[in-house]
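A quick write-up on the structure given underneath.
The values are calculated or read from the model by the stated rules, or taken from the named source; none is laboratory data. Just so you know, these numbers come straight off a predicted model, no measurement behind them. All Cβ positions, even for glycine, are placed from backbone atoms using ideal geometry, and neighbour counts span all protein chains on display. When the accessible area is computed, the model is the full protein with side chains, heavy atoms only, and any ligands, DNA or RNA have been set aside. Shrake-Rupley method; radii C 1.70, N 1.55, O 1.52, S 1.80 Å.
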Amino acid sequence: MTTTLNDYQLRRTGTRFGAEINGIDLRVPVSEGIRESLVRDFREHKVLVFRGQHLSPDQQVDAVRIFDEPFDHPTAVRHSENPLVYPYDVKTTGKASTWHIGGLWRNPPFSIESLVFEEVSELGGNTLWADLQAAYDDLSEPYKELLEGVSAVYDSDSRHYAQGAEKGKIETTIEHPLVRLDRNGRKGLFISSSALGLTGLPESEGRSVLAFLLAHASSPQYTIRFGWSAGDFVLWNNLATWHYAIDDYGTGPRRYRKVLAAEAS
């Protein structure tokens, strides 16, 4: 069976970005018309949630492939059923309770991140996303001009980004511009809480600019929030948003599978 055009509905979940897609079964192939429609919706809304899909590892890879080519992570722990799927259990891998962007160790970083939730706590465990393009839009024109020549510095060792990895000594770094033009044609901030510092500004000014941007880009007016049930599938534009997994569920369970996408470096 192939899902055909007009077989799904989109419900916006925020005034700026985010949407839930209903009436589609991603366990079966989609038509070219549906694929094109989903890609358009993804570029506009940046975060898409598909409830109750219960995708297998192979089906999750196929679902991400609708939007971009899945990425083969060089150091992540792989799922036994598909090497492009990376399993997480917060009891052993830790929690992602900071505002962050994935794949900052490479250039370009991941274009897409996706999760299939396998087990979640009964209460809590929501995830926040913030719209980095909207945050950029609201900056003054002089501030935008200032940022055009500035980059942020990050750890470039992919081993430090694998599930549960120890954050060892930083020996190599990589720079990413603070302003990025996305494939949807919009400029946005590109910043993560793991930034080591800024280049293109004196050190004291860089500290002030970094602190301001981290606070500004995580302001509540730029965010959306989703809660989860087992079987939910979510994917997001990792180059136009950043996210925060809220740690309010104590020792409760949280297991999920991740599939990434990225352009060739």
- Item | Of Lys95/Lys169; Lys46/Lys144; Lys144/Lys169; Lys95/Lys144; Lys91/Lys187, pairs whose Cα-Cα distance is over 31 Å | Lys144/Lys169; Lys95/Lys144; Lys91/Lys187
- Item | Sequence ranges 230-243, 185-198, 157-170, ranked by mean other-Cβ count within 10 angstrom, highest first | 230-243, 185-198, 157-170
- In whole Hz, what ³J(HN,Hα) sequence does segment 171-184 give by Karplus (6.51, -1.76, 1.60; θ = phi - 60°), x for Gly and Pro? 10, 10, 10, 9, 10, 10, x, 6, 10, 10, 8, 8, 5, 7
- Task: Under 16 Å Cα to Cα from Lys167, which aspartates and glutamates show up? Leave out anything in the same chain fewer than 8 places away.
- Result: Asp155, Asp157
- By how many nm would the segment from Glu119 to Arg207 grow when fully extended, if each residue of separation counts as 0.36 nm and the alpha-carbon distance is taken off? 27.7 nm
- Task: For segment 68-120, report the accessible area per residue in Å² (1.4 Å probe, heavy atoms, rounded to an integer).
- Result: 41 Å²
- Message: Testing the spin-label approximation: label points 7 Å from Cα along Cα→Cβ at Glu44 and Glu141. State their distance in nm.
- Response: 3.0 nm
- Note on the structure: In Å³ per residue, the alpha-carbon convex hull of the chain encloses 130 Å³
- Message: For the pair Asp247/Thr98, report the inter-label distance in nm, with labels modelled 7 Å from Cα in the Cβ direction.
- Response: 1.1 nm
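So, counting K/R as plus one and D/E as minus one, what does the shell of residues with Cβ under 14 Å around Phe212 add up to?
Overall, the nearby charge balance is 0.
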- Sorted by mean Cβ packing within 10 Å, highest first, what order do the peptides 50-61, 202-213, 128-139 take? 128-139, 50-61, 202-213
- So, over other residues within a Cβ distance under 15 Å of Lys95, counting Lys, Arg +1 and Asp, Glu -1, the net charge is +1
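Rounded to two decimal places and with Rh computed the Kirkwood way over Cα pairs, what is Rg over Rh for segment 61-124?
On the Cα set of segment 61-124, Rg over Rh gives 0.95.
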- Message: Give me the three principal axis extents of segment 1-153 from the C-alpha atoms, as integers in angstrom, largest value leading.
- Response: 54, 40, 34
- Item | Theoretical ellipticity at 222 nm over the chain - DSSP helices of four or more residues, -39500 (n - 2.57) apiece, nearest 500 | -6000 deg cm²/dmol
- Message: Once neighbouring chains are kept in place and the probe is 1.4 Å, which whole percent of the accessible area of the chain is contributed by carbon and sulfur?
- Response: 48 percent
- If R0 is 30 Å, what FRET efficiency do you get for Ile66 and Ser265 from their C-beta distance, rounded to 0.05? 0.85
- Query: By how many nm would the segment from Glu32 to Ala165 lengthen if fully extended, with 0.36 nm per residue of separation less the alpha-carbon distance?
  - Reply: 43.9 nm
